[in-house]
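Working notes, structure below.
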């Protein structure tokens, strides 16, 4: 299993039977901030072909456990792109890089020391329910088409 607790990028060491393969984004579906990120990705993702998993679902919880993350805390999105697992700030920058320009410019955040980048990410994640209501609107038709679970 990949150690993703430090907000890094790691290769997937093995596929788990029954879990989705390919480019995935696991996000907190009841957080308006996180689900907004998923809707943004659906709108702008023309290359990577991400599919999406709600972190509260059985599949989402299984993916958190697979990558040694606590499925009850949901402290990070998980972005799996080209066989690499990204968490914390690395998940955001990997997603932005996959979109091409101008969004790829946000990978400048990778220049920050990892500890600082993850500290920023953690502050946002810990306060994400304060940024908006805890329940989000129903997913768009486009997101529903790409939502696994």
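Return the residues of segment 23-52 that are closer than 16 Å to residue 83 by Cα and either modelled with pLDDT of 85 or more or surrounded by 15 or more Cβ atoms within 10 Å (Cβ to Cβ) (or both); say none if nothing qualifies.
Restricting attention to segment 23-52, the residues satisfying the condition of being closer than 16 Å to residue 83 by Cα are 23-26, 47-52.
Correct list: 23, 24, 25, 26, 48, 49, 50, 51, 52.
Quick one: what pairs do we get from segment 11-35, first residue on the phi > 0 side of the Ramachandran plot, second in a strand (DSSP E or B) and at pLDDT 85 or above, C-beta under 9 Å, 6+ apart or different chains?
22/51; 22/80
Residue 82 passes all but one of (1) touching a helix residue (DSSP H, G or I) at 6+ places or on another chain (Cβ under 7 Å); (2) farther than 14 Å from residue 44 by Cβ; which number fails?
That leaves (1) as the condition not met.
Among what's in segment 81-104 and is touching a residue at least 60 places away in the same chain (Cβ under 8 Å) and out of contact with any strand residue (DSSP E or B) (no Cβ under 9 Å at 6 or more places or on another chain), pick the residue that is surrounded by the most Cβ atoms within 10 Å (Cβ to Cβ).
Taking the candidates together, the pick is 88.
In segment 121-149, what residues are in contact with a strand residue (DSSP E or B) (Cβ under 8 Å, 6 or more places away or on another chain) and either part of a helix (DSSP H, G or I) or modelled with pLDDT of 65 or more (or both)?
To start, the set of residues in segment 121-149 that are in contact with a strand residue (DSSP E or B) (Cβ under 8 Å, 6 or more places away or on another chain) comprises 139, 143, 146-149.
Selection gives 143, 146, 148.
Can you name the condition, by its number, that residue 118 falls short on among (1) touching a residue at least 60 places away in the same chain (Cβ under 8 Å); (2) in a loop (DSSP other than H, G, I, E, B)?
Evaluating residue 118 over (1) touching a residue at least 60 places away in the same chain (Cβ under 8 Å); (2) in a loop (DSSP other than H, G, I, E, B) leaves (2) as the failure.
Is it fair to say residue 101 is modelled with pLDDT of 90 or more and part of a loop (DSSP other than H, G, I, E, B)? Spell out how you get there, then give the answer.
Values: modelled with pLDDT of 90 or more: yes; part of a loop (DSSP other than H, G, I, E, B): yes.
So residue 101 fits the description; yes.
Within segment 44-93, work out how many residues are in a helix (DSSP H, G or I) and more than 9 Å from the chain's Cα centre (by Cα).
The initial filter retains those residues of segment 44-93 that are in a helix (DSSP H, G or I), namely 44, 58-66, 88-93.
Still in the list and also more than 9 Å from the chain's Cα centre (by Cα): 44, 58-66, 89-90, 93.
Count: 13.
Quick check on segment 68-80. Is at least one of its residues surrounded by fewer than 18 Cβ atoms within 10 Å (Cβ to Cβ), at pLDDT below 90 and in contact with a strand residue (DSSP E or B) (Cβ under 7 Å, 6 or more places away or on another chain)?
no
The values are calculated or read from the model by the stated rules, or taken from the named source; none is laboratory data. Since we're looking at a predicted model, the values are computed, not measured. Here the Cβ is made from the backbone with ideal geometry for all residues, glycine too, and neighbour counts use every protein chain on show.
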